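K.L.:
Sharing a structure below in structure tokens format, with a few things to ask.
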């Protein structure tokens, strides 16, 4: 998973360097498939799908079927986005659904586990827009996609580490054995005399 994520980020940087940062930076990810860098753009989508497939498979394998279903849904939408024209309505609707569903997915995960991180997560789209000076949707979109890739790697790492940790048995408060006191006959205690 980490190797696929690093490969995606490295390919993304390479595409910007190869095509010229000023030319490629404002382009959304899907427009990398158009023109002379189509092979590189398709490779970016392929590696991004690979990240999602490994993530989904491992979530399923580690006993998280609901999370795996959400990640699997994201892969299906990603494939629709990858297969449609960059200027098409289906492509744009799919991209919006994909970004929105991934944002909601991580917000729910963080809400369940760590509320302070959830508030940081909720501010990420605005912080990214402010950081780029509201210059271009393409820059913002690629930064948000990179954030989701990093979030998937972190979540994957946490889930794998939790699966490897030895299970700590929780105390069974409903089926405790009652304490039994036994009195042995034989020794008698003298009675106390009242004064």
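K.L.:
Below 8 Å between Cα atoms, with a sequence gap of 6+, how large is the relative contact order for the chain in percent?
P.N.:
Reported relative contact order: 22 percent.
K.L.:
Here's another thing I want to ask about it. Return 27, 61, 161 ranked ascending by Cβ neighbour count within 10 Å, so the fewest neighbours appear first.
P.N.:
161, 61, 27
K.L.:
Same structure again: Given a Förster distance of 25 angstrom, what is the FRET efficiency for residue 23 paired with residue 150, based on the Cβ-Cβ distance and rounded to 0.05?
P.N.:
Details: r = 25 Å, r/R0 = 1.01.
So, using R0 = 25 Å, E works out to roughly 0.50.
K.L.:
Here's another thing I want to ask about it. Ratio of the chain's C-alpha Rg to 2.2 N^0.38 Å, to two decimals? Mind dumping the intermediate values first?
P.N.:
Values: Rg = 27.4 Å, N = 195, 2.2 N^0.38 = 16.3 Å.
Its radius of gyration relative to the 2.2 N^0.38 Å reference: 1.68.
K.L.:
Quick one: angle between helix 89-113 and the longest Cα principal axis of the chain, in degrees between 0 and 90, rounded to 10, please.
P.N.:
Here the helix axis deviates by roughly 20 degrees.
K.L.:
With angles folded into 0 to 90 degrees, how steeply does helix 115-131 sit against the dominant principal axis of the chain? Use alpha carbons for both and round to 10.
P.N.:
Approximately 10 degrees, to the nearest ten.
K.L.:
As a test of the formula, what do you get for the chain when each DSSP H run with n ≥ 4 contributes -39,500 (n - 2.57) and the sum is divided by the residue count, at 222 nm and rounded to the nearest 500 deg cm²/dmol?
P.N.:
Mean residue ellipticity, 222 nm, calculated: -23500 deg cm²/dmol.
K.L.:
Sticking with this one: Round to the nearest 0.05 the FRET efficiency obtained for residue 36 and residue 123 when R0 = 45 Å and r is the Cβ-Cβ distance.
P.N.:
0.75
K.L.:
Still on this model: Can you pull the one-decimal nm distance between simple spin-label points at residue 157 and residue 104, each 7 Å off the Cα toward Cβ?
P.N.:
So the two model labels end up 2.8 nm from each other.
K.L.:
Angle check, please: helix 38-61 long axis (alpha carbons) against the longest principal axis of the chain (alpha carbons), in degrees 0 to 90, nearest 10.
P.N.:
10 degrees
K.L.:
Could you give the length gained by full extension between residue 113 and residue 89, i.e. 0.36 nm per residue of separation minus their alpha carbon distance, to one decimal place?
P.N.:
Values: separation 24, 0.36 × 24 = 8.64 nm, distance 3.63 nm.
Contour length minus the Cα-Cα distance gives 5.0 nm.
K.L.:
Consider a paramagnetic label point 7 Å from the Cα of residue 164 along Cα→Cβ; state which residues of the stretch 1-19 have an amide N under 20 Å from it.
P.N.:
Those under the cut-off are 1-6.
K.L.:
Would you kindly calculate the mean projected area, averaged across all directions, of the convex hull enclosing the Cα atoms of the stretch 1-97, in square nanometres? Working shown, then result.
P.N.:
Working: hull surface 25.1 nm².
Mean orientational projected area (the stretch 1-97, Cα hull): 6.3 nm².
Bear in mind these aren't lab numbers, they're just calculated from the coordinates by the rules spelled out. All values derive from a computational prediction rather than experimental measurement. Methodologically, a virtual Cβ is constructed for each residue, glycine included, from the backbone with ideal geometry; neighbour enumeration extends over all protein chains shown.
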